[in-house]
Amino acid sequence: MYATSTVPSAAVRAAATLAKTQPAAFDTRAVQQRDSAHYLHPFTDHKSLGERGARVIVRGDGVHIWDSEGKQIIDAMSGLWCVNVGYGRTSISEAVYKQMETLPFYNSFFNTTNLPAVELATKLVSLAPAGFNHVFFTGSGSEANDTNVRMVRRYWDLMGYKDRHTIISRHNAYHGSTVAGASLSGMEGMHAQGGLPIPGIVHIGQPNYVASGRGMSEDAFGLEAASWLEKKILEVGPDKVAAFIGEPVQGAGGVIIPPATYWPEIQRICDMYGVLLIADEVICGFGRLGKWFASERFGMRPDLITFAKGVTSGYVPLGGVMVGERVANVLIEKGGDFNHGFTYSGHPVACAAALENIRIIEQEQLVEKVGGASGAYLAERFASLRDHPLVGHADSCGFVAGLNLVKNKADAVHDCELFDPELGVGMVCRSFMFANGVIMRAVGERMIIAPPLVMNHTQINDMISLIRRSLDDTLQELQRRGWS
Ligand SMILES: *Cc1c(COP(=O)(O)O)cnc(C)c1O
C-alpha cells in the first residue's frame, strides 16, 4: 500500500513556518516592472497591465490570500476554481516533498508505471459513478479535453464509423485554451484569434434562462435548450456526430445553472442517437457541487468525465479523463496502441498531491458539507443579496454562485433593465470587491464566486458583508457617473 501521510519532515515544517512568519522582503514596484517587462500573462491585455502594474499575491492560508502590501483578501474564487481545500495545507506539501525525494519523475510510457499514479487511478475509480473503471492522466484540463477529442474519434474509428468525428459543444462554454480546447470552448473572443474552431467542432446555444428564457417557465426553457442538440445532430447528420460535451454548470461562462429539465433531456437525446456524452467536470468535480462528480446531481450518465483543478486543489498541475466502460472496452479490446499521451501523464508528484488532497476532502467531509449544511447556508446568505437595488437575479448551486447587476429591477427577471455592456459595470464592481477585501469575478454584468469548500459559516457571513458593501460602493459610483 502506498502511504502518503508519513514523514512529516522537520525541514519541511521549519521552511513552512519561516515562509509564513517572515515573507521575503522586496519592492512591489520593482516586481511589477520586471513582471511587465518579461512575463506574458494568460488572457491579459499586456499593454494595459504594464500601465497599471499587476497585483502581487504572496501568501495564502485557509480561505485568505495576502498581497505584497500586506492586504488580506477573502479568496471567493478559490484561486481559479481550484483551491478546494484552502491554502496552506502542510500535509500536501509534505506528501509532495516526500514523493520528490523518493521518485520525482518517471514516465508511464514503454510498459512502466509508478506507485502514486496507480494508487490515484484506483482511488478515482472508487469515487466515480458506476461504470468508470479507467483513468487517463494529463497535466491540465485543456490537455484532458484534447484527449477527449482524440479518444472519441478513435472510438468511432474502431467501431467502423470513420465519419463519426464531429463534436458538438455550446456557446460560451469553456473547455480550455489549447487548439482543441479553445475550439470546444464557445468563446467568440478565443475563436476570433487563430482561425478557430478547427473543423469537426460545432456549437449550440447555452441553457441560460436569464438571457434567453423570456416568456417561458424554467422547465419549458430547459427542454427547449436541450432540443437545440437534436436539431444540430439532425443538421450535421446522426452518422457524423461523435460526442456532445458540456460542463454540468457552465463556469467561466458565468456560472450558468441549467434548469432541472435540461440534462435529463440531453441524456435522452444522446442515447437516442448513440452520441457519446462528455461531462467536463474540471470545475464541478471534487465536491464543488456537493457530489464527488456533479453528473450524479444532474441525472447525467456521461461516457467520459474531464477533471483537473480540484483534483489537487491546484497545489500541483494535474488533469485527466475518467473513461467509462463503453469507450474503454473498445479502446482496450480492439485498439492496439492509442498514439496519444504526455511526458507528464501520471506524474508521481502530482498524483501524490492529489491523493493527499482527496484524503483531506474525505476526512473533513467536504463533499457532504457542500451537499448539506455549508451549501445550504451559502445559498441562503447569497440569496439575501437579492434585496439590493443593483441585483436583478442571484442563484447558486453547491459552492458556486452568481448575481446579475441590473440598471432597474423588476419582479420578473426578464423585465429588468440591463446596463449597456460597453460601460463595463461588472469591472467597476470587481474593483470595489478587491478594494474591500474579497475576490469576485466579473463575467459581463454577472458577478460570480466559487469559494474554497472549507469556508465556514462565519467566513461566509464575512464574505457576504464585503460583497454587500462593495455593491453599495458600486451603486454610489454608478450614480456619480450618471449610469444608474
Ligand atoms: C479551467 C477549465 C478547463 C481548462 O483547464 P486548464 O487546466 O486551464 O487547461 C477546462 N474545462 C473547464 C470546465 C475549466 O473550467
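The values are calculated or read from the model by the stated rules, or taken from the named source; none is laboratory data. All figures in this text were calculated on a predicted structure; none of them were measured in a lab. Neighbour counts are summed over all protein chains in view; Cβ atoms, including those assigned to glycine, are modelled from backbone coordinates with ideal geometry.
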Considering each residue of region 246-275, count those that are in contact with an Asp or Glu (Cβ under 6 Å, 6 or more places away or on another chain) and within 22 Å of T147 (Cα to Cα), and give that number. 1
Would you be able to tell me the number of residues in region 56-100 that are among the polar types (S, T, N, Q) and touching a Gly at 6+ places or on another chain (Cβ under 7 Å)? 2
Quick check: anything in region 155-167 within 16 Å of the ligand (Cβ to nearest atom) and touching a helix residue (DSSP H, G or I) at 6+ places or on another chain (Cβ under 9 Å)? yes
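On the given criteria, is T343 among the polar types (S, T, N, Q), within 17 Å of L124 (Cβ to Cβ) and in contact (Cβ under 8 Å) with a residue 40 or more places away in the chain? Steps first, answer last, please.
Values: among the polar types (S, T, N, Q): yes; within 17 Å of L124 (Cβ to Cβ): no; in contact (Cβ under 8 Å) with a residue 40 or more places away in the chain: yes.
No, not satisfied.
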Can you work out which of the residues in region 253-284 that are within 11 Å of the ligand (Cβ to nearest atom) and of a type in the set (D, E, K, R) is surrounded by the fewest Cβ atoms within 10 Å (Cβ to Cβ)? E281
Sole exception among (1) touching a Gly at 6+ places or on another chain (Cβ under 8 Å); (2) more than 15 Å from the ligand (Cβ to nearest atom) for F338, by number: (1)
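Taking into account only those residues within region 77-88 that are crowded, with 21+ Cβ neighbours inside 10 Å and away from the ligand (no atom under 16 Å from the Cβ), which is farthest from the chain's Cα centre (by Cα)?
Quick first cut of region 77-88, residues crowded, with 21+ Cβ neighbours inside 10 Å only: 78, 81-87.
Now drop any that are not away from the ligand (no atom under 16 Å from the Cβ), which leaves 85-87.
Values: V85: 15, G86: 15, Y87: 17 Å.
Residue satisfying both the conditions and the ranking: Y87.
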The lone condition L40 fails out of (1) over 20 Å from A442 (Cβ atoms); (2) crowded, with 16+ Cβ neighbours inside 10 Å is (2)
Please tell me if F293 is away from the ligand (no atom under 12 Å from the Cβ), in contact with a helix residue (DSSP H, G or I) (Cβ under 8 Å, 6 or more places away or on another chain) and assigned to a strand (DSSP E or B). no
Cβ-Cβ below 7 Å, separation at least six or inter-chain, first residue in region 135-159 and surrounded by fewer than 21 Cβ atoms within 10 Å (Cβ to Cβ), second of a type in the set (S, T, Y): which pairs? G139/Y344
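Only one residue in A180, A173, A192 is among the hydrophobic types (A, V, I, L, M, F, W, C) and more than 13 Å from the ligand (Cβ to nearest atom), so which one is that?
Numbers: A180 fails: more than 13 Å from the ligand (Cβ to nearest atom); A173 fails: more than 13 Å from the ligand (Cβ to nearest atom).
Unique residue meeting the criteria: A192.
Take the residues in region 173-191 that are of a type in the set (G, A, S) and part of a helix (DSSP H, G or I), then tell me which one is farthest from the chain's Cα centre (by Cα).
G189
Matching residues to (1) of a type in the set (G, A, S); (2) within 16 Å of the ligand (Cβ to nearest atom); (3) closer than 22 Å to A376 by Cβ:
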| position | (1), (2), (3) |
| --- | --- |
| R214 | no, no, no |
| S217 | yes, no, no |
| I233 | no, no, no |
| A243 | yes, yes, no |
| G251 | yes, yes, yes |
Surrounded by fewer than 17 Cβ atoms within 10 Å (Cβ to Cβ), more than 16 Å from the ligand (Cβ to nearest atom) and without any contact (Cβ under 8 Å) to a residue 60 or more places away in the chain - does that describe any residue in region 314-325? no
Going through G287, G299 one at a time, which residue ends up being surrounded by 24 or more Cβ atoms within 10 Å (Cβ to Cβ), under 28 Å from L378 (Cα atoms) and in the same structural domain as F132 (by TED's automatic domain parsing)? G287
